[in-house]
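What follows is a set of notes on a single structure, which appears directly below.
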Amino acid sequence: MEIVILPALADNYMYLIHSDTEAAIVDPADADVVMRALDERGLTLKYILLTHHHYDHVAGVPALKRHTAAQVVGPEDDRIPALDHPVLEGRALELGDGTFTVLETPGHGDRDISYLFKAPSRPDALFCGDTLFVSGCGRLLEGHAEALWASLRKLAALPDDTALYCGHEYTEDNLLFALSLEPDDAVYRNRLLAVRERLREGLPTVPSTIGLEKQANPFLRCDSLIAFSEWRRKKDRF
Ligand code: ZN
Ligand code: FE
């Protein structure tokens, strides 16, 4: 099984997970990019996996439904176009010899979900939309701080080697915010240097890992809901 990172719009990431023959796409913002990736590899699209209803995550769904026989999977939400399978915590979906399991991770929106992908001989991969970012987390657009805090604790409890694939390339800005909180922090400083190097080469900063995020993400490092809420508010004004 392979995971292909497909940039879309200004700073979104879509993820194509595939075997030799079939594929799933996470949060297709741009159907043309997805269709090209499928054609190049000779893949059949089986699932469209959505984390939440925001336009920059679902914009490509209608066109993909027209051109493929893929089933649309996402949280129960009538704001999601053409949803075939509304799913809840624990729902499993098979692709090749791998399995996606649904985790409910509300807080950015009021009903966001994440997908944990397990396949033989590779670390687990988490697709978490706008819930957890590399060195950051989603804004509280519809959900409450308590909900997002609980969702982040849930993701932080995954094994350290779980690969993190998030919905946006916000990493540099997130690290600048982290350094505004703790200017002398060596982990943040070193991470910023490494991230800038990747961006300079035109490379994405995903995937990260849960283990790395526990060290270099202020929203996973902070130890109380009160601190989390305050930092989330500060980040909105950063
Ligand atoms: Zn969003
Ligand atoms: Fe988004």
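Before moving on, here are some points about what is shown:
- Within the shell of other residues whose beta carbon sits under 12 angstrom from the beta carbon of V34, the net charge comes to -2, with Lys and Arg scored +1 and Asp and Glu -1.
- Computed accessible area, K214, all protein chains, 1.4 angstrom probe, square angstrom: 80 Å²
- DSSP bridge pairs, the chain: antiparallel proportion in percent, nearest 5: 70 percent
- From helices alone, the chain scores -10000 deg cm²/dmol at 222 nm; the rule is -39500 (n - 2.57) for each run of n ≥ 4 DSSP H residues, then divide by the residue total.
- Helix 31-41 and the longest principal axis of the C-alpha atoms of the chain enclose an angle of approximately 70°.
- Translational diffusion coefficient of segment 1-148 (Stokes-Einstein, Kirkwood radius from Cα pairs, 25 °C, 0.890 mPa s): 161 µm²/s.
- Partners for K65 among lysines (Cα-Cα distance below 30 Å; same-chain residues under 8 apart left out): K46, K118
- Calculated FRET efficiency for the pair K154/L88, C-beta based, R₀ 22 Å, to 0.05: 0.90
- The chain, accessible area per residue, ligands and nucleic acids excluded (1.4 Å, Å²): 44 Å²
- Computed with every protein chain present, the accessible area of S121 is close to 130 Å² [probe 1.4 Å].
- Förster radius 22 Å - calculated FRET efficiency between Q215 and E172 (Cβ-Cβ, nearest 0.05): 0.80
- Here the chain exposes an accessible surface that is 50 percent carbon and sulfur, computed with a 1.4 Å probe and the other protein chains kept in place.
The values are calculated or read from the model by the stated rules, or taken from the named source; none is laboratory data. Because the structure is predicted, anything quoted here is derived from the model rather than measured. Using ideal geometry, Cβ is built from the backbone for each residue, glycine included, and neighbour counts are taken over all protein chains shown. To get the accessible areas, we keep the full protein, side chains included, count just its heavy atoms, and leave off ligands, DNA and RNA. Shrake-Rupley method; radii C 1.70, N 1.55, O 1.52, S 1.80 Å.
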